[in-house]
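Remarks on the structure that follows.
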Amino acid sequence: MKVLLLNGSPRLHGNTSVALERMEDVFAEEGIESEEVRVGTKDVRGCIACHRCTELGKCIFDDIVNEIAPKFEESAGLVVASPVYYASANATLEALLQRLFYSIHFDPSMKVGAAVAVARRAGTVSTFGQLNKFFSISSMPIATSTYWNDLFGSAPGEVQQDTEGIGVVCNLAHNMAFLMKSIELGTKEFGAPKHECYDRRNFIA
């Protein structure tokens, strides 16, 4: 079993990295393999709505998005972590997620998702909600913790002083591990959930 972690911070040893490292420690304790991919420094363009991905099975722009897609496919869970910029996620990470979720050729249903936001002072809750939307539209159960998954720190490493935040992301990783294992067992016993078919509707038909 494997979990993929996307780090939206451009800082190599920043506070977002610290949070993810603590989660990786927990995943290791739980016997789950983890892989962190740093995307904050990558040159990622936005989606141009060309819809070529429906023909190609991948994004027409062959960059890190297409590199991450197979890692996502083989993972039982996805953690997306971002520093807060103007009460929202890193723009590079947002562009990557929009293209990734739109262009993948596989069904991400029942992969467990979790979002983590890191800020100096504020804006984490809106960022947290922004990132969770990718999971909630994709039939991906969202792992929760003992508080919202946010941490606070400015200088690199300062987040370690936020002992409550560190505890929250550790509990998040434990809960996520439990969910991934439970879904694996449940799928073997009962199969995947049935999805009803429906016609897509616009507000103006």
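The values are calculated or read from the model by the stated rules, or taken from the named source; none is laboratory data. What you see is a predicted model; the values in this text were computed from it and never measured. Glycine also receives a Cβ, built like all others from the backbone with ideal geometry; neighbour counts cover every protein chain displayed. With ligands, DNA and RNA removed, areas are computed over all heavy atoms of the protein, side chains included. Shrake-Rupley method; radii C 1.70, N 1.55, O 1.52, S 1.80 Å.
One compactness figure for the chain is 1.02, namely its Cα radius of gyration divided by 2.2 N^0.38 Å. Each Lys and Arg adds +1 at its Cβ and each Asp and Glu adds -1 at its Cβ; summed about the Cα centre, the chain shows a dipole of about 640 debye.
Helices in the chain, meaning DSSP H runs of at least 4 residues, each add -39500 (n - 2.57). Divided by all residues, the mean residue ellipticity at 222 nm is -13000 deg cm²/dmol. Geometric descriptor of segment 31-122, per residue, is 115 Å³ (volume of the convex hull of the Cα atoms).
Accessible surface of the chain, 1.4 Å probe: 52 percent of it comes from carbon and sulfur atoms. The value obtained for segment 88-205, namely the Cα convex hull volume divided by the number of residues, is 145 Å³ per residue. The amide H of G40, built 1.01 Å from its N in the peptide plane, has S9 as neighbours under 5 Å, considering only residues 5 or more places off or on other chains.
Among the helices of the chain (complete DSSP H runs), which have Cα atoms covering no less than 15 Å along the helix axis and a Kyte-Doolittle mean of at least -0.5? What comes out of the filter, once short or polar helices are dropped, is 15-29, 91-103, 124-136, 163-190.
In this structure the amide hydrogen of L6, modeled in the peptide plane, comes within under 5 Å of the amide hydrogens of V37, V79, V80, A81, none closer than 5 places in sequence on its chain.
The charge dipole of segment 1-67, taken about its Cα centre with unit charges on the Cβ of Lys, Arg, Asp and Glu (plus for the first two, minus for the last two), comes to roughly 400 debye.
Protein heavy-atom accessible surface, 1.4 Å probe, per residue over the chain: 54 Å². Which listed residue (I68, C50, A28) has the Cα farthest towards the positive end of the charge dipole for segment 27-77, taking +1 on Lys and Arg C-beta and -1 on Asp and Glu C-beta about the Cα centre? Looking along the dipole axis, the top candidate is C50.
Between E55 and I204, the contour length at 0.36 nm per residue exceeds the alpha carbon distance by 50.9 nm. Annotation: extensible slack from K133 through K2 equals 45.0 nm (criterion: 0.36 nm per residue apart, minus Cα-Cα distance). Volume of the convex hull of segment 111-162 (Cα atoms only), normalised per residue: 80 Å³.
Placing a label point 7 Å from the Cα of R120 along the Cα-to-Cβ direction, the residues of segment 151-185 whose backbone N falls under 13 Å of that point are 153-156. For the pair E164 and E33, a Förster radius of 45 Å applied to the C-beta separation gives a FRET efficiency near 0.95, rounded to the nearest 0.05.
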